[in-house]
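What follows is calculated from the coordinates using simple rules that are stated; it is not laboratory data. On a predicted model such as this, the values are computed, not experimentally measured, just so you know. Backbone-built Cβ (ideal geometry, glycine too); neighbour counts: all protein chains shown.
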Amino acid sequence: TPIRPKRLLNIMLGCVLGLFVGLALGLLQEYLDDRINSAEEAEQLLGLPSLGFVPSLAATDAKLLPMMKDLDPAAESYRILRTNIHFASIDNPMKTLLVTSTGPSEGKTTTATNLAFAMALEGKKIILVDTDLRRPSLQKTLGLPPMPGLTDVLLERIAPEEALLPIAHVPNLQVLIAGYTPPNPGELLNSRRFQAIVDDLSSRADMVIFDSPPVMVAADAAVLAS
């Protein structure tokens, strides 16, 4: 059946209108999207250099560096991060490093752990400390047995060297788990006792890496950053 000119015009106008609405919605979505989607965007918005980029890991992927294949892109990304941190601190060598995130379940513990692995496998003596006293996860991530941890050291129930756990397949790495969950984690982390523990651990290692709580969940990360 032949299409009448008027009907054809209506169809064309409808297609043009649909295309315009689609483009407008796409532009609106892009305008309202305030997420940082690339390392370049992060550098532009924050005015700070990007030290590295780690690809997303699927549920079936190996999460920890020793379990990854040598040519795995994720494994290489952690080595690049390690190298860039070293380059960033040539003039002012670091002894402590804090790893945090915006919110929970964003990969900070995995990042802190793999960074510790990467530095230890390079020959550095590393101590990895779980300072997330609200929702600690380092013990579970590494499959470590229940042991006295940071809170026990803070309460002087045990000396720091007695709470350090060795990692069998990475001789240069020791771990200090969080221990039991206290009612006042912020006060403990802001205490002189904690600063003394940081100084003690720093004297025992080339680098002490702290896995901290997320920034938007509690003030602990800001306290630790000082």
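Data table
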{"read-out": "The chain: relative contact order as a whole-number percent, Cα under 8 Å and 6+ apart", "value": "22 percent"}
{"read-out": "Förster radius 25 Å - calculated FRET efficiency between Ser50 and Leu28, Cβ distance, rounded to 0.05", "value": "0.30"}
{"read-out": "Cα-based shape type of the stretch 67-179, given that a ≥ b ≥ c are square roots of the gyration tensor eigenvalues and the cut on a/c is 1.5", "value": "prolate"}
{"read-out": "The stretch 113-166 - Debye-derived log10 I(q)/I(0), Cα point model, q = 0.20, 0.22 Å⁻¹", "value": "-0.81, -0.94"}
{"read-out": "Hits among aspartates and glutamates - C-alpha to C-alpha of Lys69 under 20 Å, sequence gap 8 or more where chains match", "value": "Asp61, Glu122"}
{"read-out": "Nearby aspartates and glutamates by direct alpha-carbon distance to Lys108 (threshold 12 angstrom, same-chain neighbours under 8 apart not counted)", "value": "Asp130, Asp132, Asp211"}
{"read-out": "Alpha carbon centroid spacing (whole Å) that separates the stretch 167-226 from the stretch 37-100", "value": "20 Å"}
{"read-out": "The stretch 109-226: relative contact order as a whole-number percent, Cα under 8 Å and 6+ apart", "value": "35 percent"}
{"read-out": "Using a Förster distance of 22 Å, the FRET efficiency for Ala168-Lys63 (Cβ separation, nearest 0.05)", "value": "0.75"}
{"read-out": "Cα-Cα P(r), the stretch 174-226, percent of pairs per 10 Å interval", "value": "21, 58, 21, 0"}
{"read-out": "Whole-percent pair-distance distribution, where bins are 5 Å wide, for the alpha carbons of the stretch 1-101", "value": "2, 9, 10, 13, 12, 10, 8, 6, 6, 5, 5, 5, 4, 2, 1, 1, 0"}
{"read-out": "Value of Rg/Rh across the stretch 65-118 [Cα atoms, Kirkwood radius]", "value": "1.00"}
{"read-out": "Cα-Cα separations in the chain greater than 32 Å, expressed as whole percent", "value": "32 percent"}
{"read-out": "Protection proxy ranking of 200-207, 26-33, 173-180, 217-224 - average other beta-carbon atoms within 10 Å, highest first", "value": "173-180, 217-224, 200-207, 26-33"}
{"read-out": "Spin-label proximity, Arg204 to the stretch 160-182 - amide N less than 19 Å from point 7 Å beyond Cα toward beta carbon", "value": "160-180"}
